[in-house]
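Notes for the one structure printed next.
The values are calculated or read from the model by the stated rules, or taken from the named source; none is laboratory data. The structure presented is a predicted model; accordingly, all values stated were derived computationally and were not measured. Cβ sites come from the backbone with ideal geometry, for glycine too, and all protein chains shown count toward neighbours. Note: accessible area is taken over every heavy atom of the protein model, side chains too, but ligands, DNA and RNA are not part of it. Shrake-Rupley method; radii C 1.70, N 1.55, O 1.52, S 1.80 Å.
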Amino acid sequence: MIAILGLAAGILVGIVLQPDVPVALQPYLPIAVVAALDTLAGGLRATLDGAFNAHVFITSFLFNVLIAAFLVFLGDQLGVGAQLSTAVIVVLGIRIFSNAAAIRRRLVRS
Amino acid sequence: MPDPQEQTPEPHSRQTPHGETPYSPMSLLRALTSNPLDVETLRGTEGRHEEAAPPDTAATTVFTTIAALALGFLVAISVADLRADAAAEDSPRALLAEEVRESRDQAAALEAEQAELQGDVSALQEDVLGSTDAGAAAELGTAEAAAGSVALAGPGVVLQLDDSDQLPASPGVAEGTVNAVTDQDLQIAVNGLWAAGAEAVSVNGQRLTATSAIRTAGDAVLVDLRPLSPPYRITALGDPDALRAGVEDSVAGEYLEEISLRFRIPVTWEASEELTVPARTVTGLREARPVDEVDSSAAEPSAPAAATQDDGAAPDPTPEETP
(Lines give C-alpha, C1' and ligand atoms only; values in the text may rest on other atoms or scores of the structure.)
Protein backbone atom coordinates (compact mmCIF):
# COMPACT_ATOMS: atom_id res chain seq x y z
CA MET A 1 0.00 0.00 0.00
CA ILE A 2 2.77 2.37 0.95
CA ALA A 3 4.33 1.74 -2.46
CA ILE A 4 1.16 2.73 -4.29
CA LEU A 5 0.78 5.85 -2.19
CA GLY A 6 4.40 6.71 -2.75
CA LEU A 7 4.04 6.26 -6.49
CA ALA A 8 0.92 8.42 -6.59
CA ALA A 9 2.64 11.10 -4.51
CA GLY A 10 5.69 11.01 -6.80
CA ILE A 11 3.52 11.34 -9.90
CA LEU A 12 1.66 14.28 -8.35
CA VAL A 13 4.93 16.01 -7.45
CA GLY A 14 6.19 15.46 -10.99
CA ILE A 15 3.03 16.84 -12.56
CA VAL A 16 2.95 19.86 -10.26
CA LEU A 17 6.63 20.76 -10.53
CA GLN A 18 7.06 19.97 -14.25
CA PRO A 19 10.85 20.15 -14.10
CA ASP A 20 12.90 20.30 -17.28
CA VAL A 21 14.56 17.00 -18.05
CA PRO A 22 18.29 17.33 -18.81
CA VAL A 23 18.99 16.78 -22.48
CA ALA A 24 21.45 13.98 -21.66
CA LEU A 25 18.61 11.94 -20.13
CA GLN A 26 16.17 12.46 -22.98
CA PRO A 27 16.94 9.21 -24.90
CA TYR A 28 16.10 7.13 -21.83
CA LEU A 29 12.66 8.57 -21.19
CA PRO A 30 10.64 6.36 -23.56
CA ILE A 31 12.41 3.28 -22.27
CA ALA A 32 11.75 4.31 -18.68
CA VAL A 33 8.08 4.81 -19.40
CA VAL A 34 7.72 1.44 -21.13
CA ALA A 35 9.61 -0.28 -18.32
CA ALA A 36 7.27 1.39 -15.85
CA LEU A 37 4.27 0.13 -17.82
CA ASP A 38 5.74 -3.36 -17.81
CA THR A 39 6.24 -3.29 -14.07
CA LEU A 40 2.73 -1.99 -13.51
CA ALA A 41 1.32 -4.85 -15.56
CA GLY A 42 3.49 -7.28 -13.59
CA GLY A 43 2.34 -5.75 -10.33
CA LEU A 44 -1.29 -6.04 -11.35
CA ARG A 45 -0.77 -9.66 -12.27
CA ALA A 46 0.95 -10.35 -8.96
CA THR A 47 -1.94 -8.70 -7.13
CA LEU A 48 -4.42 -10.93 -8.91
CA ASP A 49 -2.22 -13.93 -8.11
CA GLY A 50 -2.27 -12.83 -4.50
CA ALA A 51 1.50 -12.62 -4.53
CA PHE A 52 1.89 -8.85 -4.51
CA ASN A 53 4.70 -7.54 -2.41
CA ALA A 54 5.27 -3.82 -2.32
CA HIS A 55 8.98 -4.16 -1.75
CA VAL A 56 9.43 -6.58 -4.61
CA PHE A 57 7.22 -4.46 -6.80
CA ILE A 58 9.23 -1.31 -6.20
CA THR A 59 12.62 -2.97 -6.47
CA SER A 60 11.67 -4.67 -9.72
CA PHE A 61 10.31 -1.36 -10.96
CA LEU A 62 13.59 0.34 -10.11
CA PHE A 63 15.67 -2.43 -11.61
CA ASN A 64 13.68 -2.64 -14.79
CA VAL A 65 13.95 1.07 -15.37
CA LEU A 66 17.65 1.12 -14.51
CA ILE A 67 18.53 -1.89 -16.62
CA ALA A 68 16.53 -0.64 -19.56
CA ALA A 69 18.21 2.75 -19.30
CA PHE A 70 21.60 1.09 -18.93
CA LEU A 71 21.04 -1.02 -22.02
CA VAL A 72 20.17 2.06 -24.02
CA PHE A 73 23.15 3.87 -22.60
CA LEU A 74 25.37 0.94 -23.57
CA GLY A 75 23.84 0.92 -27.03
CA ASP A 76 24.52 4.62 -27.38
CA GLN A 77 28.15 4.09 -26.42
CA LEU A 78 28.47 1.22 -28.92
CA GLY A 79 26.72 3.13 -31.67
CA VAL A 80 23.67 0.86 -31.74
CA GLY A 81 21.49 2.92 -29.43
CA ALA A 82 18.48 2.95 -31.71
CA GLN A 83 18.60 -0.81 -32.29
CA LEU A 84 19.07 -1.61 -28.63
CA SER A 85 16.22 0.75 -27.75
CA THR A 86 14.06 -1.19 -30.18
CA ALA A 87 15.18 -4.49 -28.64
CA VAL A 88 14.36 -3.29 -25.13
CA ILE A 89 10.98 -1.97 -26.28
CA VAL A 90 10.21 -5.29 -28.00
CA VAL A 91 11.11 -7.37 -24.97
CA LEU A 92 9.22 -5.12 -22.60
CA GLY A 93 6.29 -5.06 -24.98
CA ILE A 94 6.20 -8.86 -25.05
CA ARG A 95 6.31 -8.93 -21.27
CA ILE A 96 3.47 -6.45 -21.09
CA PHE A 97 1.46 -8.61 -23.46
CA SER A 98 2.19 -11.79 -21.51
CA ASN A 99 1.27 -10.15 -18.24
CA ALA A 100 -1.88 -8.73 -19.77
CA ALA A 101 -2.70 -12.20 -21.11
CA ALA A 102 -2.23 -13.71 -17.66
CA ILE A 103 -4.39 -11.00 -16.11
CA ARG A 104 -7.08 -11.53 -18.70
CA ARG A 105 -7.04 -15.28 -18.15
CA ARG A 106 -7.35 -14.89 -14.41
CA LEU A 107 -10.16 -12.38 -14.65
CA VAL A 108 -12.13 -14.39 -17.18
CA ARG A 109 -11.63 -17.69 -15.39
CA SER A 110 -12.48 -16.63 -11.87
CA MET B 1 -10.92 -17.45 -27.28
CA PRO B 2 -9.52 -20.60 -25.66
CA ASP B 3 -5.92 -21.30 -26.33
CA PRO B 4 -4.21 -24.67 -26.00
CA GLN B 5 -2.34 -23.63 -22.90
CA GLU B 6 -5.61 -23.27 -21.03
CA GLN B 7 -6.75 -26.82 -21.60
CA THR B 8 -3.48 -28.30 -20.40
CA PRO B 9 -2.10 -26.02 -17.74
CA GLU B 10 1.39 -27.22 -17.07
CA PRO B 11 2.57 -27.41 -13.52
CA HIS B 12 5.27 -24.90 -12.78
CA SER B 13 8.46 -26.77 -13.33
CA ARG B 14 12.02 -25.72 -13.20
CA GLN B 15 12.57 -27.30 -16.59
CA THR B 16 11.33 -26.21 -19.97
CA PRO B 17 10.24 -28.82 -22.51
CA HIS B 18 13.74 -28.61 -23.90
CA GLY B 19 15.34 -29.68 -20.70
CA GLU B 20 16.67 -26.26 -19.80
CA THR B 21 16.38 -24.45 -16.55
CA PRO B 22 14.71 -21.05 -16.65
CA TYR B 23 18.15 -19.55 -16.39
CA SER B 24 19.59 -21.14 -19.51
CA PRO B 25 20.49 -18.47 -22.00
CA MET B 26 18.21 -19.90 -24.67
CA SER B 27 15.23 -20.62 -22.49
CA LEU B 28 13.75 -17.14 -22.64
CA LEU B 29 13.95 -17.09 -26.41
CA ARG B 30 12.48 -20.60 -26.63
CA ALA B 31 9.69 -19.66 -24.32
CA LEU B 32 9.02 -16.58 -26.37
CA THR B 33 8.97 -18.42 -29.65
CA SER B 34 7.00 -21.45 -28.46
CA ASN B 35 4.53 -19.41 -26.45
CA PRO B 36 5.12 -15.80 -27.29
CA LEU B 37 2.51 -14.24 -25.09
CA ASP B 38 3.10 -16.19 -21.94
CA VAL B 39 6.39 -16.80 -20.20
CA GLU B 40 4.49 -18.61 -17.48
CA THR B 41 7.22 -21.06 -16.57
CA LEU B 42 9.64 -18.26 -15.90
CA ARG B 43 7.15 -16.11 -14.10
CA GLY B 44 6.04 -19.08 -12.05
CA THR B 45 9.45 -19.63 -10.56
CA GLU B 46 9.73 -15.92 -9.93
CA GLY B 47 6.45 -16.00 -8.11
CA ARG B 48 7.75 -18.61 -5.74
CA HIS B 49 10.75 -16.44 -5.04
CA GLU B 50 8.49 -13.54 -4.32
CA GLU B 51 6.48 -15.55 -1.88
CA ALA B 52 9.67 -16.47 -0.16
CA ALA B 53 10.57 -12.82 0.28
CA PRO B 54 11.20 -11.84 3.88
CA PRO B 55 8.47 -9.91 5.69
CA ASP B 56 8.63 -6.15 5.59
CA THR B 57 10.94 -4.45 8.00
CA ALA B 58 11.22 -0.76 8.76
CA ALA B 59 14.20 -0.45 6.43
CA THR B 60 12.46 -2.04 3.47
CA THR B 61 9.39 0.10 4.08
CA VAL B 62 11.47 3.28 4.05
CA PHE B 63 13.36 2.14 0.98
CA THR B 64 10.17 1.15 -0.75
CA THR B 65 8.56 4.49 -0.03
CA ILE B 66 11.53 6.51 -1.23
CA ALA B 67 11.94 4.39 -4.35
CA ALA B 68 8.23 4.63 -5.06
CA LEU B 69 8.32 8.41 -4.75
CA ALA B 70 11.36 8.67 -6.99
CA LEU B 71 9.89 6.34 -9.60
CA GLY B 72 6.54 8.07 -9.64
CA PHE B 73 8.31 11.39 -10.07
CA LEU B 74 10.52 9.98 -12.81
CA VAL B 75 7.62 8.50 -14.75
CA ALA B 76 5.54 11.65 -14.43
CA ILE B 77 8.26 13.96 -15.71
CA SER B 78 9.18 11.47 -18.45
CA VAL B 79 5.63 11.36 -19.70
CA ALA B 80 5.25 15.12 -19.49
CA ASP B 81 8.51 15.67 -21.35
CA LEU B 82 7.73 13.11 -24.03
CA ARG B 83 4.31 14.59 -24.60
CA ALA B 84 5.86 18.02 -25.03
CA ASP B 85 8.32 16.54 -27.53
CA ALA B 86 5.55 14.86 -29.49
CA ALA B 87 3.62 18.12 -29.65
CA ALA B 88 6.75 19.95 -30.82
CA GLU B 89 7.08 17.56 -33.74
CA ASP B 90 4.03 19.07 -35.41
CA SER B 91 5.43 22.51 -34.98
CA PRO B 92 7.64 23.07 -38.05
CA ARG B 93 4.54 23.44 -40.18
CA ALA B 94 2.89 25.66 -37.59
CA LEU B 95 6.09 27.67 -37.29
CA LEU B 96 6.30 28.15 -41.03
CA ALA B 97 2.65 29.12 -41.25
CA GLU B 98 3.21 31.59 -38.44
CA GLU B 99 6.23 32.99 -40.27
CA VAL B 100 4.24 33.38 -43.47
CA ARG B 101 1.48 35.19 -41.62
CA GLU B 102 3.97 37.47 -39.93
CA SER B 103 5.69 38.23 -43.22
CA ARG B 104 2.36 39.02 -44.82
CA ASP B 105 1.40 41.36 -42.01
CA GLN B 106 4.80 42.96 -42.26
CA ALA B 107 4.45 43.37 -46.01
CA ALA B 108 0.99 44.90 -45.57
CA ALA B 109 2.33 47.28 -42.93
CA LEU B 110 5.24 48.26 -45.17
CA GLU B 111 2.88 48.80 -48.08
CA ALA B 112 0.67 51.03 -45.96
CA GLU B 113 3.73 52.96 -44.83
CA GLN B 114 4.90 53.30 -48.40
CA ALA B 115 1.52 54.62 -49.49
CA GLU B 116 1.56 57.09 -46.62
CA LEU B 117 5.07 58.29 -47.49
CA GLN B 118 4.12 58.53 -51.13
CA GLY B 119 1.20 60.71 -50.11
CA ASP B 120 3.53 62.88 -48.03
CA VAL B 121 5.94 63.22 -50.93
CA SER B 122 3.15 64.14 -53.32
CA ALA B 123 1.77 66.73 -50.91
CA LEU B 124 5.20 68.28 -50.41
CA GLN B 125 5.84 68.24 -54.14
CA GLU B 126 2.57 70.02 -54.70
CA ASP B 127 3.40 72.59 -52.05
CA VAL B 128 6.75 73.37 -53.54
CA LEU B 129 5.73 73.32 -57.18
CA GLY B 130 2.41 75.07 -56.58
CA SER B 131 4.13 78.12 -55.13
CA THR B 132 6.98 78.28 -57.63
CA ASP B 133 6.11 76.70 -60.93
CA ALA B 134 2.46 76.06 -61.72
CA GLY B 135 3.27 74.65 -65.15
CA ALA B 136 5.57 72.04 -63.70
CA ALA B 137 2.91 71.03 -61.18
CA ALA B 138 0.38 70.44 -63.92
CA GLU B 139 2.92 68.48 -65.92
CA LEU B 140 3.78 66.41 -62.88
CA GLY B 141 0.08 65.65 -62.29
CA THR B 142 -0.31 64.41 -65.85
CA ALA B 143 2.83 62.33 -65.64
CA GLU B 144 1.79 60.82 -62.31
CA ALA B 145 -1.64 59.93 -63.64
CA ALA B 146 -0.06 58.32 -66.68
CA ALA B 147 2.54 56.43 -64.67
CA GLY B 148 -0.01 55.10 -62.24
CA SER B 149 1.67 56.51 -59.16
CA VAL B 150 -1.48 58.24 -57.91
CA ALA B 151 -4.96 56.85 -57.39
CA LEU B 152 -7.48 58.18 -59.83
CA ALA B 153 -11.25 58.50 -59.66
CA GLY B 154 -13.87 59.31 -62.23
CA PRO B 155 -16.44 57.84 -64.57
CA GLY B 156 -15.63 54.62 -66.33
CA VAL B 157 -16.60 51.05 -66.98
CA VAL B 158 -16.05 47.78 -65.23
CA LEU B 159 -15.53 44.86 -67.57
CA GLN B 160 -15.91 41.63 -65.70
CA LEU B 161 -14.67 38.25 -66.89
CA ASP B 162 -15.34 35.13 -64.89
CA ASP B 163 -14.66 31.45 -65.18
CA SER B 164 -17.51 29.57 -66.81
CA ASP B 165 -19.95 27.48 -64.81
CA GLN B 166 -19.62 23.72 -64.93
CA LEU B 167 -20.60 22.89 -68.47
CA PRO B 168 -22.95 20.08 -69.44
CA ALA B 169 -21.47 17.31 -71.53
CA SER B 170 -21.25 18.07 -75.21
CA PRO B 171 -19.12 16.81 -78.10
CA GLY B 172 -15.51 17.32 -77.14
CA VAL B 173 -16.37 18.60 -73.66
CA ALA B 174 -16.50 16.39 -70.60
CA GLU B 175 -19.28 17.03 -68.12
CA GLY B 176 -18.35 19.47 -65.40
CA THR B 177 -15.59 21.16 -67.38
CA VAL B 178 -14.85 24.68 -66.23
CA ASN B 179 -13.36 27.04 -68.77
CA ALA B 180 -11.06 29.39 -66.94
CA VAL B 181 -10.18 32.92 -67.95
CA THR B 182 -6.59 32.96 -69.16
CA ASP B 183 -3.97 35.64 -68.99
CA GLN B 184 -4.37 36.10 -72.73
CA ASP B 185 -8.08 36.87 -72.38
CA LEU B 186 -7.25 39.52 -69.83
CA GLN B 187 -4.45 40.94 -71.96
CA ILE B 188 -6.75 41.29 -74.93
CA ALA B 189 -9.52 42.86 -72.88
CA VAL B 190 -7.11 45.29 -71.24
CA ASN B 191 -5.45 46.20 -74.52
CA GLY B 192 -8.89 46.75 -76.02
CA LEU B 193 -9.71 49.17 -73.21
CA TRP B 194 -6.42 51.03 -73.64
CA ALA B 195 -7.05 51.26 -77.35
CA ALA B 196 -10.56 52.56 -76.73
CA GLY B 197 -9.07 55.45 -74.79
CA ALA B 198 -9.00 54.33 -71.16
CA GLU B 199 -7.06 56.72 -68.99
CA ALA B 200 -6.31 54.29 -66.20
CA VAL B 201 -6.92 50.58 -65.84
CA SER B 202 -6.82 48.27 -62.88
CA VAL B 203 -7.55 44.56 -62.59
CA ASN B 204 -8.96 43.44 -59.25
CA GLY B 205 -7.39 46.44 -57.59
CA GLN B 206 -4.02 46.08 -59.31
CA ARG B 207 -3.19 49.23 -61.24
CA LEU B 208 -1.78 48.60 -64.69
CA THR B 209 1.01 50.79 -65.93
CA ALA B 210 3.45 50.80 -68.78
CA THR B 211 5.52 48.07 -67.16
CA SER B 212 2.70 45.87 -65.88
CA ALA B 213 2.61 42.26 -66.88
CA ILE B 214 -0.37 39.94 -67.04
CA ARG B 215 0.83 36.39 -66.95
CA THR B 216 -0.19 33.02 -65.75
CA ALA B 217 1.37 30.63 -63.30
CA GLY B 218 -0.37 27.32 -62.93
CA ASP B 219 -4.07 28.07 -62.64
CA ALA B 220 -3.59 31.57 -61.32
CA VAL B 221 -3.47 34.70 -63.38
CA LEU B 222 -0.77 37.03 -62.14
CA VAL B 223 -0.86 40.76 -62.52
CA ASP B 224 2.48 42.24 -61.59
CA LEU B 225 3.33 38.90 -59.97
CA ARG B 226 0.30 39.07 -57.70
CA PRO B 227 -2.02 36.11 -58.11
CA LEU B 228 -5.62 37.11 -58.69
CA SER B 229 -8.69 34.96 -58.46
CA PRO B 230 -11.81 35.13 -60.60
CA PRO B 231 -13.99 37.05 -61.21
CA TYR B 232 -11.60 39.48 -62.86
CA ARG B 233 -12.95 43.01 -62.69
CA ILE B 234 -11.17 45.31 -65.08
CA THR B 235 -11.85 48.88 -64.07
CA ALA B 236 -11.14 51.43 -66.77
CA LEU B 237 -11.55 55.17 -66.36
CA GLY B 238 -12.80 57.21 -69.28
CA ASP B 239 -16.03 57.97 -71.08
CA PRO B 240 -18.12 54.85 -70.29
CA ASP B 241 -20.05 54.79 -73.56
CA ALA B 242 -16.98 55.46 -75.68
CA LEU B 243 -14.97 52.82 -73.87
CA ARG B 244 -17.61 50.15 -74.28
CA ALA B 245 -18.33 51.03 -77.88
CA GLY B 246 -14.62 51.25 -78.65
CA VAL B 247 -13.94 47.79 -77.27
CA GLU B 248 -16.99 46.15 -78.78
CA ASP B 249 -16.24 47.50 -82.25
CA SER B 250 -12.65 46.29 -82.15
CA VAL B 251 -10.94 42.94 -82.47
CA ALA B 252 -10.95 42.71 -78.68
CA GLY B 253 -14.75 42.92 -78.71
CA GLU B 254 -14.95 40.11 -81.25
CA TYR B 255 -12.59 38.06 -79.13
CA LEU B 256 -14.68 38.62 -75.98
CA GLU B 257 -17.83 37.70 -77.85
CA GLU B 258 -16.13 34.58 -79.13
CA ILE B 259 -15.02 33.38 -75.67
CA SER B 260 -18.40 34.16 -74.16
CA LEU B 261 -20.19 32.19 -76.89
CA ARG B 262 -17.80 29.32 -77.36
CA PHE B 263 -16.39 28.89 -73.90
CA ARG B 264 -19.29 30.33 -71.90
CA ILE B 265 -17.03 32.85 -70.19
CA PRO B 266 -19.41 35.41 -68.68
CA VAL B 267 -18.47 38.87 -69.94
CA THR B 268 -20.36 41.71 -68.32
CA TRP B 269 -20.12 45.47 -68.58
CA GLU B 270 -21.00 47.97 -65.90
CA ALA B 271 -20.86 51.68 -66.40
CA SER B 272 -20.43 53.95 -63.45
CA GLU B 273 -19.96 57.63 -62.88
CA GLU B 274 -17.73 57.18 -59.86
CA LEU B 275 -14.97 54.59 -60.07
CA THR B 276 -11.55 54.61 -58.51
CA VAL B 277 -8.36 52.90 -59.54
CA PRO B 278 -5.66 52.65 -56.89
CA ALA B 279 -2.09 53.81 -57.27
CA ARG B 280 0.42 51.22 -58.31
CA THR B 281 1.68 49.64 -55.11
CA VAL B 282 5.35 49.50 -55.95
CA THR B 283 6.86 51.91 -58.38
CA GLY B 284 10.50 51.52 -59.13
CA LEU B 285 12.00 54.67 -60.51
CA ARG B 286 13.39 54.07 -63.96
CA GLU B 287 14.78 56.70 -66.20
CA ALA B 288 16.19 56.99 -69.65
CA ARG B 289 19.88 57.78 -69.93
CA PRO B 290 22.11 58.58 -72.83
CA VAL B 291 23.24 55.61 -74.86
CA ASP B 292 26.89 55.93 -73.97
CA GLU B 293 26.12 55.46 -70.24
CA VAL B 294 23.92 52.40 -70.46
CA ASP B 295 22.67 50.31 -73.28
CA SER B 296 19.45 51.38 -74.88
CA SER B 297 17.38 48.55 -73.44
CA ALA B 298 17.14 50.40 -70.14
CA ALA B 299 15.03 53.08 -71.80
CA GLU B 300 11.48 53.11 -70.63
CA PRO B 301 8.30 53.93 -72.47
CA SER B 302 6.94 57.26 -71.37
CA ALA B 303 3.22 56.60 -71.73
CA PRO B 304 1.07 53.69 -70.61
CA ALA B 305 1.42 51.21 -73.37
CA ALA B 306 -0.31 48.00 -74.04
CA ALA B 307 0.01 45.49 -71.24
CA THR B 308 2.11 42.87 -72.84
CA GLN B 309 3.46 39.55 -71.81
CA ASP B 310 6.88 40.93 -70.99
CA ASP B 311 7.72 43.31 -68.24
CA GLY B 312 10.15 45.18 -70.44
CA ALA B 313 7.31 46.41 -72.62
CA ALA B 314 8.32 47.88 -75.91
CA PRO B 315 7.66 51.60 -76.15
CA ASP B 316 4.25 51.91 -77.74
CA PRO B 317 2.74 55.35 -77.44
CA THR B 318 -0.35 54.42 -79.48
CA PRO B 319 -1.66 51.24 -77.90
CA GLU B 320 -2.91 48.61 -80.26
CA GLU B 321 -4.51 45.31 -79.61
CA THR B 322 -2.20 42.35 -79.59
CA PRO B 323 -4.23 39.65 -81.28
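Figures for the structure shown
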item	result
Residue-averaged [θ]222 nm for chain A, counting only DSSP H segments that reach four residues, each worth -39500 (n - 2.57)	-29000 deg cm²/dmol
Å² per residue, accessible surface of the stretch B:235-289 at 1.4 Å	64 Å²
Portion, in percent, of the accessible area of the stretch B:90-217 that falls on carbon or sulfur, probe 1.4 Å	55 percent
Relative packing of B:72-78, A:20-26, which averages over residues the other C-beta atoms within 10 Å, highest first	B:72-78, A:20-26
Apportionment of accessible area to carbon and sulfur, chain A, percent (1.4 Å)	76 percent
Estimated buried accessible area (total), pair A and B, 1.4 Å, Å² to nearest 100	3200 Å²
With all protein chains modelled, accessible area of A:Ile2 [1.4 Å, Å²]	70 Å²
Surface per residue (accessible, 1.4 Å probe) for the stretch B:102-203, Å²	54 Å²
Solvent exposure of chain A as accessible area per residue, Å², 1.4 Å probe	54 Å²
